[in-house]
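Data first, discussion second: the structure below is written as structure tokens.
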Amino acid sequence: MLFLLLSLTSRSQAATEATVESDVNADTIYQGGPVITINDAQPGAEAVAVKDGIIIAVGAQAQIERLKGPQTKVHDLQGKTLLPGFVDSHGHAYLQGVQATTANLLPPPDGAGKDIPALVSLLSDWAANNQDAIEKVGWIVGFGYDDSQLAEQRHPNRDDLDKVSTELPVLIIHQSGHLGAGNSKALELAGVTAKTPDPQGGVFRRREGSNEPSGVSEEYAFFYLLSKLAGRFNDEINDALVEAGTKQLAAFGYTTGQEGRATGAGLAAMSRVAGKGNLPIDLVAYPDILEVETIQPTLDYQNRYRVGGAKLTIDGSPQGKTAWLSEPYHVPPEGREQGYRGYAAVDQATVDTAVDKAFANGWQILTHANGDAATDSLISALSKAREKYPSMKNRPVLIHGQVLRRDQVKKLKALSVFPSLFPMHTFYWGDWHRESVLGPERAENISPTGWVLEEGMMFGTHHDAPVALPDSMRVLSATVTRTTRSGRVLGPEHKVPVLTALKAMTLWPAWQHFEEQQKGSIEVGKVADFVVLSENPLETPEQDLADIKVLKTIKADQLVYERPSDVTAISTPALFGLVRGSEYHDHSPDAPTAALGGDGCFNDALNLLYRAINSPAPEL
């Protein structure tokens, strides 16, 4: 694969020299700042020329200016840095729209949700600024609070949320996604009282010393509350989620996004939005192979949208202690005995059948496997499929692989598997992995990019939004530094150079998506997908990488995002775009929540919301 990439870049260099000698006039010339091409044969440049959305020349400014005509627009970078647009190795653009279109309650550094008064203020301000959305939907909704990060060290209750409104229902979603809280009006509209029993697989928490609901609810009880909100959804709102999610990706420099586990209303919405020409960037969807009967992958975009293959989920998440491990968790979750290792979300026969189906049809398959036992299951299935279909070149992808063992990396290479890894976990949950999930030794090797590079393999690095914001510079920083919230470097042998991390966000995930000939580097013949950064990441101290800002995102030579000069952070638009975790729960196959695994355990509240759109409310 590396030989292929080198040969491609060599041919592109030759094409560059030939094009500059021609008399073609460029539509646009980008100059005036460093150009990081992600092309080993021509690592840097002074200028880039574009015609009809395609790069026609890359090189010295004096050469490129020979392509300037009377109608050519010159884009002065003013010293800022031009790179190829980022390619999303794994995320959830549709469900990301929920994150992007509600009040941001995340704790620092991604939000201001540091205590309960701050949450009340954030919700109240959001409601005051988004009256049109509230009139449309009738609810005030917030996402991302984390009781473990609140000064009070508790969940907000109905009394706290009544300070936001007593007339409108208020619903907030925990960052882990496993639960949430509603105000008194939300409970009233849902018919939840002291006499309401807990549903199977869920809990309405009660006020101390009584049966009166406190406002906090878990799992299926929360699903019930969410269903009351989702009952207000229609095609317009679902479409708005897609638009909001892709706009948010563009704001972080992504020119190709992914919906990494699509079903039902999401697929329909993505197709509708594309049909209306409202996608700002390219979007690739991967329908759930266990839920969607008709999957029709294509390499051709229609209005910036295509189905890329299929998605399979084997286990859950390590931070939620639902990932399937070969060795016990360092600290078992509440209710589990010592020796607990997690579990599979599906059995081996199901994994074998799904992988065989993908290979038989020539589909690319993305497989969520976090724990090493889950990866063993995937390797077993892929080995059988490779033996049965030896000539199949469908580029299967491992998603997450956070607890990969060194021996498994070698097996993945032999099976031609592309690993899409999650080093951003080292920042958000690295301390939790070390102290509770895996223990000091195993935690050092989560998302082992060093081992992957030792084998000469490419890899992708992703954000998995809406688990976290799709912050490309946080992805870059975590991949390079592996520094936790507490400042500890987790697994220094897996730190990678900045240029390698940039390849894992551009050229290598372009290869993952079968688009390395069109995207991922600034070379002649490729699409003019660019991102402009405030600083040159190759010259920025690694501890400052996360502070670099995305200034502009350019899709096929068209500006699709420009950072306002007076903002300090990307703001959250109105609900559903109408106007401008670490808790354990059961996802074993026999559990009531098994079908809600979604992307394993990527964010169950959002997955529940998704299901609430497509399914009747659970009975109480």
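The values are calculated or read from the model by the stated rules, or taken from the named source; none is laboratory data. This structure is a prediction, so every number in the text was calculated from the model and none was measured. In this analysis, Cβ positions are derived from the backbone assuming ideal geometry, glycine residues included, and neighbour counts consider all displayed protein chains. The area values use the complete protein model at the heavy-atom level, side chains included, leaving out ligands, DNA and RNA. Shrake-Rupley method; radii C 1.70, N 1.55, O 1.52, S 1.80 Å.
Brief remarks on what is shown
- Label sites at residue 303 and residue 326, each approximated as a point 7 angstrom past Cα along Cα to Cβ, lie 4.8 nm apart.
- The separation of the stretch 146-162 from the stretch 479-547, counted between C-alpha centres, amounts to 37 Å.
- Taking all protein chains as they are arranged and a probe of 1.4 Å, the heavy atoms of residue 368 leave approximately 0 Å² accessible to solvent.
- For residue 535, the amide hydrogen comes within under 5 Å of the amide hydrogens of 81, 549, counting only partners 5 or more places away or on other chains and with H modelled in the peptide plane.
- The stretch 26-79 - percent of accessible surface contributed by carbon and sulfur, probe 1.4 Å: 45 percent
- The Rg/Rh ratio for the stretch 134-191 is 0.98, where Rg is the radius of gyration of the alpha carbons and Rh is the Kirkwood radius.
- With every protein chain in place, the stretch 290-350: carbon and sulfur % of accessible area (1.4 Å): 44 percent
- Note on the stretch 26-79: antiparallel DSSP beta bridges, both residues inside, total approximately 75 percent of the bridges counted.
- Surface/4 of the Cα convex hull for the stretch 26-79, nm²: 3.5 nm²
- Cα gyration tensor, the stretch 419-489 - rounded (a/c under 1.5), prolate or oblate: oblate
- For the stretch 438-445, 3J(HN,Hα) per residue [Karplus equation, 6.51 cos²θ - 1.76 cosθ + 1.60, θ = phi - 60°, Hz, x = Gly/Pro]: 10, x, x, 6, 5, 4, 4, 10
- Residues within the reach of a label modelled at residue 210 (point 7 angstrom out along Cα to beta-carbon, backbone nitrogen below 13 Å), restricted to the stretch 156-171, are 158-159.
- Gained length - residue 485 relative to residue 337, 0.36 nm times residue gap less alpha-carbon distance: 50.4 nm
- For residue 51, the residues whose modelled amide H falls within less than 5 Å of its own, excluding neighbours fewer than 5 places apart on the same chain, are 27, 56.
- The residues of the stretch 407-543 expose, per residue, 28 Å² of accessible area to a 1.4 Å probe.
- The residues of the stretch 216-342 expose, per residue, 34 Å² of accessible area to a 1.4 Å probe.
- Taking a ≥ b ≥ c as the square roots of the eigenvalues of the alpha carbon gyration tensor, the stretch 357-414 is prolate, as a/c is not under 1.5 and a/b beats b/c.
- The calculated FRET efficiency for the pair residue 115 and residue 60, based on their C-beta separation and a Förster distance of 56 Å, comes to about 0.55.
- Mean-position separation - Cα centroids, the stretch 416-477 and the stretch 281-299, in angstrom: 25 Å
- At a probe radius of 1.4 angstrom, the accessible area of the stretch 26-79 per residue rounds to 43 square angstrom.
- With R₀ fixed at 35 Å, the C-beta to C-beta distance from residue 132 to residue 559 puts the FRET efficiency at about 0.85.
- Stretched out straight at 0.36 nm per residue, the stretch from residue 356 to residue 195 would grow longer than its current Cα-Cα span by 53.0 nm.
- For residue 404, nonlocal amide neighbours, meaning residues 5 or more places apart or on other chains whose placed amide H falls under 5 Å from its own, are 447.
- Taking the three principal axes of the alpha carbon atoms in the stretch 164-317, the coordinate ranges are 60, 35, 26 Å, sorted in descending order.
- Over all other residues within a Cβ to Cβ distance under 15 Å of residue 38, the charged ones net out to -2, with Lys and Arg as +1 and Asp and Glu as -1.
- Other residues within the sphere of radius under 14 Å centred on the Cβ of residue 393, judged by their own Cβ, net out at +1 (K and R +1, D and E -1).
- Net length gained if the chain between residue 384 and residue 236 were fully extended (0.36 nm per residue, minus Cα distance): 48.9 nm
- From phi via Karplus (6.51, -1.76, 1.60), per-residue ³J(HN,Hα) for the stretch 264-272 in Hz, x at Gly/Pro: x, 4, x, 4, 5, 5, 4, 5, 5
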